[in-house]
Amino acid sequence: MTRFAFIDREKARYDVTVLCDLLKISRSGFYAWRARPKSNRALADEVLTEQIREAFNANRKVYGSPKIVAELADEGVHVGRKRVARLMREAGIVGCHRRKRSFSITAQNPKADVAPDLVDRKFVATAPNQLWVADVTYVPTVQGWLYLACVTDVFSRMVLGWSMASHRKTDLVVDAVTMAVHRRGGHVPGVIHHSDRGGEYSSYQLERELRRHGALASMGSVADCYDNAMAESVFATIECELFDQQPRGRFETRRQAKLAVFDYLETFYNPRRRHSSLGQVSPARFEQAHTARKAAA
C-alpha cells in the first residue's frame, strides 16, 4: 500500500494534514493523486477485493489466502496467492488462526486392557475405511462443560461419527462409533479405530462394539499427542473455526453448542470446507472423486 493510499484510507479518522506531515508528503501531492484516474490495475484490485470478501463471508470468515485462491478458482477467477494475501491484508480480512491447546483431557484407566498400537504414527490411508482416528475434546459453555467425541476417516478427513454429552462415559464414544459405522453402511470389516488410552476408549463396551462391526482397536502411548496427531488436528480446526468465534470463547447454553456443532460439521466441515492436505477440496468432494476414479478404472 502506498503512502497516498494509506492516507486515503485513514482520512475519515485522522486529519489529512497531520497524516501528510507524519508521512512527509505534501497535501497538494495527496489531492493531486486523488484527482488522477485510477489505473486498470487498481480498478481490477477493487473488483478482486470484493470477490475475496464475498468468498470469505460465504465460508464463515475462517479462510486464509490459500483457501480463498481455491474458492476463486472454482468460480473461474484465477489469481496468485501473494496478490490475494496482499489485498486481504489491505482490506483487513483475516482468516482463522489456530491456537495451541493448553492442556490434555485424557484420563487413562490403569486397570483396563490396552489395545496395541497398529498405526505407529503412520496416518496414511489409500481408500476410505482403512484407518479411523478418534478422540474427545471439551466444548466450553456458560452452563458448564460439554464433551465432543469424533471419529474421522484418515483418507478423506471426513468426520464420520460424532457425539456430545455432559459426561465422558463410554456411551459418548460408543455413540460416535455407531454413527460412523452407520454412515459407512453398517459394517466396516478390517478398519482400524485408533485412539489414545483414555478410559472410555479402553472399555469393554467399546471393544465389543468395534468387534461387532469388524473393526480393530488401536491405541497410542500414554500422554503423547503425536500418537493421535490427526485427531488432535481435527479438533484444533473445530476449536479455531467454531469455538473461538463465540463471544468470550464459549457458548451460552449446551443446546446452542450442540446445534452449532451439528451445523459446522454437517453443513460446512464435511461437505464444503477445503483441506490443504486434500488439494484444497472438501472431504465429501474428495471421496466423490475417489469413487468416480474407482468406477472408471
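Below is a table of values for the structure above.
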quantity: Any hit, region 155-176, residues being over 26 Å from LEU259 (Cα atoms), touching a Ser or Thr at 6+ places or on another chain (Cβ under 9 Å) and among the hydrophobic types (A, V, I, L, M, F, W, C); calculated: yes
quantity: Hits in region 236-264 (condition: in contact with a strand residue (DSSP E or B) (Cβ under 8 Å, 6 or more places away or on another chain) and either buried (at least 20 other Cβ atoms within 10 Å of the Cβ) or of a type outside the set (A, V, I, L, M, F, W, C) (or both)); calculated: ILE238, GLU239, PHE243, ARG250, PHE251, GLU252, THR253, ARG254, GLN256, ALA257, LYS258, VAL261
quantity: Exclusive hit being of a type in the set (A, V, I, L, M, F, W, C) and within 28 Å of HIS290 (Cβ to Cβ), set MET164, MET158; calculated: MET158
quantity: Selection within region 31-86 - in contact with an Asp or Glu (Cβ under 6 Å, 6 or more places away or on another chain) and not in a helix (DSSP H, G or I); calculated: VAL62
quantity: Among (1) under 30 Å from ASN57 (Cα atoms); (2) in a loop (DSSP other than H, G, I, E, B), the one test that VAL234 misses; calculated: (2)
quantity: Verdict on VAL188 being assigned to a loop (DSSP other than H, G, I, E, B), in contact with a strand residue (DSSP E or B) (Cβ under 9 Å, 6 or more places away or on another chain) and either more than 16 Å from LEU265 (Cβ to Cβ) or of a type in the set (Phe, Trp, Tyr) (or both); calculated: yes
quantity: Filter result for the condition that a residue is basic (Lys, Arg) and under 19 Å from VAL139 (Cα atoms), over ARG250, ARG208, ARG197, ARG212; calculated: ARG250
quantity: Count of residues meeting criterion [in contact (Cβ under 8 Å) with a residue 40 or more places away in the chain and either at positive phi or assigned to a strand (DSSP E or B) (or both)] in region 154-178; calculated: 4
quantity: Where a residue in region 120-132 is in contact (Cβ under 8 Å) with a residue 12 or more places away in the chain and its partner, wherever it lies, is of a type in the set (Val, Ile, Thr) and part of a loop (DSSP other than H, G, I, E, B), with Cβ under 6 Å and at least six apart; calculated: PHE123/VAL154; ALA125/VAL154; ASN129/VAL188; ASN129/VAL191; LEU131/VAL154; TRP132/VAL191
quantity: Lone qualifier among ALA127, ALA107 - being closer than 26 Å to PHE286 by Cα and either modelled with pLDDT of 95 or more or surrounded by fewer than 16 Cβ atoms within 10 Å (Cβ to Cβ) (or both); calculated: ALA127
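The values are calculated or read from the model by the stated rules, or taken from the named source; none is laboratory data. Since the model is a prediction, treat every value here as computed from it, not as a measurement. Backbone-built Cβ (ideal geometry, glycine too); neighbour counts: all protein chains shown.
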